[in-house]
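The values are calculated or read from the model by the stated rules, or taken from the named source; none is laboratory data. Just so we're clear, the structure is a prediction, and the values are computed from it rather than from any experiment. Cβ coordinates were reconstructed from backbone atoms using ideal geometry, including for glycine residues, and neighbour counts include every protein chain displayed. Side chains included, ligands, DNA and RNA excluded: accessible areas come from the protein's heavy atoms. Shrake-Rupley method; radii C 1.70, N 1.55, O 1.52, S 1.80 Å.
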Amino acid sequence: MTSASYVKSILVSEIKQLPKLSVEHIHAFSIGNDSNTDDPILLITELPDYSQNYGNGQPISTKKQAQIEFYYPKDYQGDMEAIETAVKWRLLNHGLYCNSDVGHVLTPDTQNIENTLKFIYTKEEI
């Protein structure tokens with residue numbers, strides 16, 4: 001399973017624990033035709049593998065990375081930090097550690113509020 005698919009599967013399985021998020025607005029690789037203008041949209045993409053660990057000349061684990069881009073309407077009134085913190089905690093419970101929180105910015109093209117969180121985890125090869 002790819003990193004993006006893995007992260008999406010976790011979030012979908014934990015959706016009841018994620019305030020203000022819905023399964024139909026959580027996407028891996030591409031947002032596609034999601035033209036939602038009221039709720040947060042999440043886009044999960046992959047980053048290069050961080051490193052591999054070897055034993056007896058064979059890979060035994062890989063440090064994988066993924067990122068989640070949060071898109072909010074420019075006039076979003078909900079608590080963005082609470083949503084992102086809930087996602088961090090749900091992923092941490094599955095061994096994914098947030099190693100970067102870029103901070104909120106207003107995108108120049110769509111005027112959405114965006115934040116990107118980057119995660120790292122270990123995938124056992126054996």
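Within the stretch 90-126, restricting attention to residues that are of a type in the set (A, V, I, L, M, F, W, C) and without any contact (Cβ under 8 Å) to a residue 24 or more places away in the chain, which residue is most open to solvent (accessible area, probe 1.4 Å)?
Going through the qualifying residues, I end up with Val102.
Give me a count of the residues in the stretch 66-108 that are within 22 Å of Phe29 (Cα to Cα) and touching a Pro at 6+ places or on another chain (Cβ under 7 Å).
5
Can you spot a residue in the stretch 80-100 that is of a type in the set (Ser, Thr, Tyr), within 27 Å of Glu124 (Cα to Cα), modelled with pLDDT of 90 or more and part of a strand (DSSP E or B)?
yes
For the list (1) without any contact (Cβ under 8 Å) to a residue 40 or more places away in the chain; (2) surrounded by 12 or more Cβ atoms within 10 Å (Cβ to Cβ); (3) of a type outside the set (Asp, Glu); (4) under 28 Å from Glu125 (Cα atoms), I need the number of the one condition that Ala66 fails.
For Ala66, the exception is condition (1).
Name the single residue that is most open to solvent (accessible area, probe 1.4 Å) among those in the stretch 12-43 being part of a strand (DSSP E or B) and in contact with a Lys or Arg (Cβ under 7 Å, 6 or more places away or on another chain).
Per the stated criteria, the residue is Ala28.
Scanning for something closer than 18 Å to Ile10 by Cα and out of contact with any helix residue (DSSP H, G or I) (no Cβ under 7 Å at 6 or more places or on another chain), does the stretch 104-119 turn up at least one residue? Steps first, answer last, please.
Narrowing the stretch 104-119 to residues closer than 18 Å to Ile10 by Cα: 116-119.
Now drop any that are not out of contact with any helix residue (DSSP H, G or I) (no Cβ under 7 Å at 6 or more places or on another chain), which leaves 116, 118.
The answer is yes, given that some residue of the stretch 104-119 is closer than 18 Å to Ile10 by Cα and out of contact with any helix residue (DSSP H, G or I) (no Cβ under 7 Å at 6 or more places or on another chain).
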